[in-house]
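This report refers to the structure that appears directly beneath it.
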Amino acid sequence: MKTLIIANWKENPTTQQEAKELFELVKKGVKGIKHAEVVICPPFVYLPLFSGITLGAQNVSYEEKGAFTGEVSSLMLKDLKVTYVIVGHSEARKYLNETDEIVNKKIKEVLAVKLKPILCIGENTGEDKQQVLERQLMDGLREVINHKSEILNVVIAYEPIWAVGTGNNCSVEETKKSVLLIREIIAKLYNESVAKNVMVLYGGSVNSQNSGEYIKNGGVDGLLVGRASLNAEEFINIVKSV
Ligand code: PGA
């Protein structure tokens, strides 16, 4: 399995021109790279502008279609050749009130059209990590855990809230422990084979200085990169470092 390096552009950049420039620079920089699968998750409106790198969306509706003003469906994303969809990002949980129940509906909808959800989980400062991860995985994957083929299409991203967008990345050692914990929970929910094979990423203030260490010693299968993915050179260095 290739290392998965995912760029989450969040609500950036402001113009199509800037988006195209950033995309083209990254595309050029990662051309010929075989060891990693690079995924760009731009805002919805830029998705149709891009091709040549695997695409992801930052959110999705849990409804297939209909009178849901402002929403974008899984099928619409599929039609735009999107492969991955971020679900349950801590910013969506915080600012868009995305609950575990909503996350679960979205995951099921994304899987139903054969796209791959990236399920973001992680505790905040002062929270019991084990409790939070157990709840988010159990509730987020409710009813998905019955289908082996489906669960292996879910990518899990461990993103401790205190590390996201703060410059305060989680240590490689602590990340390793958390990833082990996540695999233990998955083993309990499903089985050892799924726990071993499910892809687990780390995200939270990843940069080109710390990225390589996570892959080498953090027990992760890839990285979810926010701020550092807005700088083409920095992001390309991250891809090269792993
Ligand atoms: P960050 O964001 O790299 O800016 O911390 C990561 C994320 O939100 O996925």
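Assorted remarks:
- Legend: distances between Cα atoms for 94/188; 105/177; 2/177; 27/129; 65/94; pairs beyond 31 Å are 27/129.
- Remark: segment 1-135 carries 52 Å² of accessible area per residue (probe radius 1.4 Å; ligands, DNA and RNA excluded).
- Mean separation of Cα contacts under 8 Å (6+ apart) over length of the chain, as relative contact order %: 20
- For segment 1-56 and segment 178-226, distance of Cα centres in Å: 22
- Base-10 log of normalised Debye intensity for the chain (one unit scatterer per alpha-carbon) at q = 0.09, 0.12, 0.15 Å⁻¹: -0.34, -0.62, -1.01
- The length gained on full extension between residue 63 and residue 168, counted as 0.36 nm times the residue separation minus their Cα-Cα distance, comes to 34.2 nm.
- Considering only 76, 138, 199, the Gaussian network model of the chain with Cα springs below 10 Å gives its largest mean-square fluctuation to 76.
- Here the accessible area of the chain is 49 percent carbon and sulfur, with a 1.4 angstrom probe and all protein chains present.
- Estimated [θ] at 222 nm from DSSP helical runs (n ≥ 4, -39500 (n - 2.57)) normalised by residues in the chain, nearest 500: -11500 deg cm²/dmol
- For residue 176, a cut-off of 19 angstrom between C-alpha atoms picks up these aspartates and glutamates, skipping any fewer than 8 places away in its own chain: 123, 127, 128, 134, 159, 184, 192, 213, 221.
The values are calculated or read from the model by the stated rules, or taken from the named source; none is laboratory data. Given the structure is predicted, the values throughout are model-derived calculations rather than measurements. Heavy atoms of the whole protein, side chains included, go into the accessibility calculation; ligands, DNA and RNA do not. Shrake-Rupley method; radii C 1.70, N 1.55, O 1.52, S 1.80 Å.
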